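Every number here is computed from the coordinates shown, using simple stated rules; none is lab data. Predicted model, so just to flag it, every value in this text is computed and none were measured. Because the Cβ atoms are built from the backbone with ideal geometry, glycine has one as well, and the counts that use them run over all protein chains shown.
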Amino acid sequence: MSLIRVEVLHTGGHFQELVREYLSEMAGDPVEAFRLPDRLPLIVDDAREFIPEEAGSNTVVIAIELHANLLLELPHLMAERGGVALLVPQEDPSWVHAGLINQVSEACKEKGIECEFPKPFCHLQPRTPIIRMFGEQYEAGVPEFEFEIEGGVVKEAHVVRSAPCGLTRWVAERLPGTEATEEAIVQRTRVLHHSRPCMATMNMDPTINDTLMHLSLHLAEFASAQAFKKAT
């Protein structure tokens, strides 16, 4: 079965590279990507001037750290070009403010476009059909492991679902050999999470009273703890 088509709209940076690398690995081919300008006036009168004509035609569009006016234009553009679902990751609260989320959500509703604004991307919890299909086909969203334990250590660590930046898969590749206790596995997960490292911000997010990196870490630690319990 062919995977649904995905494209990434971005303004550069390491995070988008990691997302594209993971999704391309899952797809077996490079996902389509378009780099948009990262330095624009505060108000952009004609957003389409800065969005390529080819953009917005894939089933799922992932918009990473775009200018507010460009992001607000995407639902209208996607409705015309064939896009069905919009994902707007928030690795930093400054990427998309609450008012803009409401505006984009309303525009998506009006145009029949599914949308989610996961904060951070590894907190993606699909609630609509196409975004759910994206999560299943690309094994992307809230991290989930499966462990094989033998001889008192983790023999194999399989990824059921990875953070869309690929960090979960990177951690899983380095968990074998870890002592098979919950404390040791969670501690090893914590060290690995910081070692690549996670790209979510360490700036405080007042909506969760914590940092998004800590939220990402908690999701990874919980996944490890749950996988250990299931394996034993």
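Computed from Cα positions, the angle between helix 182-195 and the longest principal axis of the chain comes to roughly 40 degrees.
Other residues with beta-carbon under 13 Å from the beta-carbon of Lys111 carry, at +1 per Lys or Arg and -1 per Asp or Glu, a net charge of -3. Treat every Asp and Glu Cβ in the chain as -1 and every Lys and Arg Cβ as +1, leave all other atoms uncharged, and give the resulting dipole magnitude about the Cα centre to the nearest 20 debye. Charge dipole of the chain: 360 debye, to the nearest 20.
Distance between the C-alpha centres of segment 88-126 and segment 7-59: 16 Å, rounded to the whole angstrom.
When a/c reaches 1.5 or more, the comparison of a/b and b/c decides; with that in mind, is segment 6-137 rounded, prolate or oblate per its Cα gyration tensor? Note, shape of segment 6-137 comes out rounded. As a length-normalised measure over Cα pairs under 8 Å and 6 or more apart, the relative contact order of segment 73-232 settles at 20 percent.
For the chain, the longest principal axis of the Cα atoms and the long axis of helix 14-27 meet at an angle of about 80 degrees. Judged by the mean number of other Cβ atoms found within 10 Å, the most tightly packed of the peptides 224-231, 137-144 leads the ranking 137-144, 224-231.
Here the Karplus curve 6.51 cos²θ - 1.76 cosθ + 1.60, taken at θ = phi - 60°, turns the phi angles of segment 202-219 into couplings of 9, 6, 5, 10, x, 6, 10, 6, 6, 9, 6, 5, 5, 5, 4, 4, 4, 5 Hz, with x standing for Gly and Pro.
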